[in-house]
Amino acid sequence: MTTSPSLTVADDLAAARPLLFAYYNATATEMGYPTWDSPDDLPDYFRTDFDDVEAYYAAPGGYLVARLDGVPVGGVGYHLLGADDVEVKRLYVAPEARGARVARHLMDALHDRARAAGARRCVLDVLPQRTTAIALYERLGYRRIPGYLDDHGPIPLDCFAYDL
């Protein structure tokens, strides 16, 4: 008899750093840059949330962690932007867990928490080459929007919004 893995999603700031580090290395790889052996080597632009996860994702935001059979395999952060928007940050699923609907469960939980915080919409930016992530966002009901921040930096990003 076989059993399917148990998937849980919960707020878990303590498990955020290893998942964020994996996200940063995946991003570097996708962009053709070298990866980092240690979080100590991360550049400043990734340190914004990594150095103080607790402050960056403080309530009413948070960092959700997905676990398959108790092992952290994915995460996503969120925080308020103004009174009405929740910004989705750094959705990541470990390669070995892709295809198990981990990202979908993380985003569903994030939407529930955003509604509970009184937000009206979720916004996010994503690298255009992340076509699988973009397809997920579109299946969830996200629509393309112009940049929602004054400065999204030098890297081209696609922006999306989801009305809660």
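The values are calculated or read from the model by the stated rules, or taken from the named source; none is laboratory data. This is a predicted model, so every value here is computed, not measured. As a convention, Cβ positions derive from the backbone with ideal geometry for all residues, glycine included, and neighbour counts pool all protein chains shown. Keep in mind that these areas ignore ligands, DNA and RNA; they rest on the heavy atoms of the full protein, side chains included. Shrake-Rupley method; radii C 1.70, N 1.55, O 1.52, S 1.80 Å.
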**Close pairs from the stretch 66-84: first without any contact (Cβ under 8 Å) to a residue 60 or more places away in the chain and under 25 Å from residue 117 (Cα atoms), partner in a strand (DSSP E or B) and charged (D, E, K, R), Cβ under 8 Å, at least 6 apart** = 76/89; 76/90; 78/87; 78/89; 79/87; 79/89; 80/87; 84/121
**Extreme residue, farthest from the chain's Cα centre (by Cα), among residues of the stretch 67-80 that are of a type in the set (A, V, I, L, M, F, W, C) and open to solvent by 50 Å² or more (accessible area, probe 1.4 Å)** = 71
**Prompt:** So, in the stretch 147-164, of the ones that are in a strand (DSSP E or B) and among the aromatic types (Phe, Trp, Tyr), which residue ends up surrounded by the most Cβ atoms within 10 Å (Cβ to Cβ)?
**Reply:** 160
**Asked** Hey, any hits in the stretch 22-40 for a residue that's within 13 Å of the chain's Cα centre (by Cα), surrounded by 13 or more Cβ atoms within 10 Å (Cβ to Cβ), touching a residue at least 12 places away in the same chain (Cβ under 8 Å) and in a loop (DSSP other than H, G, I, E, B)?
**Response** no
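From the list 67, 121, 101, 144, which one is at positive phi and touching a strand residue (DSSP E or B) at 6+ places or on another chain (Cβ under 9 Å)?
That would be 101, the only listed residue that is at positive phi and touching a strand residue (DSSP E or B) at 6+ places or on another chain (Cβ under 9 Å).
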**Asked** Which is part of a strand (DSSP E or B) and exposed (fewer than 15 other Cβ atoms within 10 Å of the Cβ), of 115, 144, 139, 90?
**Response** 144
**Complete:** All-but-one check, residue 49 against (1) open to solvent by less than 30 Å² (accessible area, probe 1.4 Å); (2) of a type in the set (Asp, Glu); (3) at pLDDT 95 or above, failing number (3)
**Asked** Just to be sure, is residue 64 closer than 20 Å to residue 86 by Cα and surrounded by 16 or more Cβ atoms within 10 Å (Cβ to Cβ)?
**Response** yes
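Conditions tested, residue by residue: (1) within 28 Å of residue 145 (Cα to Cα); (2) among the polar types (S, T, N, Q).
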| residue | (1), (2) |
| --- | --- |
| 27 | yes, yes |
| 38 | no, yes |
| 69 | no, no |
| 82 | yes, no |
| 101 | yes, no |
**Fill in**
Considering residues that are more than 21 Å from residue 154 (Cβ to Cβ) and open to solvent by 10 Å² or more (accessible area, probe 1.4 Å), the number found within the stretch 120-136 is 6
**Filter result (modelled with pLDDT of 95 or more, farther than 23 Å from residue 160 by Cα and of a type in the set (D, E, K, R)) within the stretch 59-95** = 67
